[in-house]
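To start, the structure under review is shown below, and the notes come after it.
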Amino acid sequence: AALVEEATAAARALQQQAEQLTTAVASFQIEAAATADTHQAPGQHCGGHHPHAVAADDIRSFQAMIDAHHGWKMRLKHWLNGDGPAIAADTAAADDQCSLGQWLYGKGQQVAGLAQFQTLQREHARFHRLAGNIIQLQQQGRSEQARQLLDGDFHTSTQATVAAIRRLRQQVETHGPE
């Protein structure tokens, strides 16, 4: 029994370390993606590809978008514990502010007709709406409800958003924008 308890405690500690690392890596990847986006002129296409083709750089950046959305849970958890920087509810709730949202409402429109794109857009909007709700609950002094939402619906929404990103990436890589 003691070994089981020790193993459980060690697993929890490793999980926390992994979550912290994911958050740290995601923040660097978001900054790198934002920097790369600012160096490309509006309307400029990567590598001279056809304007309606999804650029390989966009597809590779999907992993950074996945990492960033995984990082949101840790960011919110730290904020709920009073450890993280302030997060504005309206900013968190906006699905067009992160790199994925900017892609969905920008370059991604070239594949907007794909069912996987529409699923991703819907899941991503829900993800950010829930993030905003968590912040609002905390600001209203309803910490327990905020934590329940974070560990419940927000966790589920994160998984659904990440799965939708992966499915769209796979569809675009396999079949191209149809």
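The values are calculated or read from the model by the stated rules, or taken from the named source; none is laboratory data. Quantities reported herein were computed from a predicted structural model and do not represent experimental measurements. Don't worry about glycine lacking a Cβ; one is built from the backbone with ideal geometry, like all the others, and counts go over all protein chains shown. Accessible surface is based on the protein model in full, side chains and every heavy atom, while ligands, DNA and RNA are left aside. Shrake-Rupley method; radii C 1.70, N 1.55, O 1.52, S 1.80 Å.
Suppose we filter the range 160-177 for residues that are open to solvent by 20 Å² or more (accessible area, probe 1.4 Å) and closer than 18 Å to GLN63 by Cα; how many remain?
Within the range 160-177, residues that are open to solvent by 20 Å² or more (accessible area, probe 1.4 Å) and closer than 18 Å to GLN63 by Cα number 9.
Of the residues GLN121, GLN136, GLN116, only one is more than 18 Å from HIS155 (Cα to Cα), of a type outside the set (Asp, Glu) and open to solvent by 30 Å² or more (accessible area, probe 1.4 Å); which?
GLN116
For the range 139-159, which positions are under 16 Å from the mean Cα position of the chain (by Cα) and open to solvent by less than 30 Å² (accessible area, probe 1.4 Å)?
The answer is LEU150, PHE154, SER157, THR158.
Enumerate the pairs (first residue in the range 95-111 and open to solvent by less than 30 Å² (accessible area, probe 1.4 Å) and among the β-branched types (Val, Ile, Thr); second residue anywhere and in a helix (DSSP H, G or I) and at pLDDT below 90) with beta-carbon separation below 7 Å, excluding pairs fewer than 6 apart on the same chain, so at least 6 apart or on different chains.
From the range 95-111, the pairs are VAL111/VAL172.
Testing ILE134 on (1) at pLDDT 90 or above; (2) of a type in the set (Val, Ile, Thr); (3) over 16 Å from HIS70 (Cβ atoms), one condition comes back false. Which one is that?
(3)
Name the single residue, out of those in the range 81-93 being touching a helix residue (DSSP H, G or I) at 6+ places or on another chain (Cβ under 6 Å) and modelled with pLDDT of 90 or more, that is surrounded by the fewest Cβ atoms within 10 Å (Cβ to Cβ).
Step by step, filter the range 81-93, then rank; the result is ALA89.
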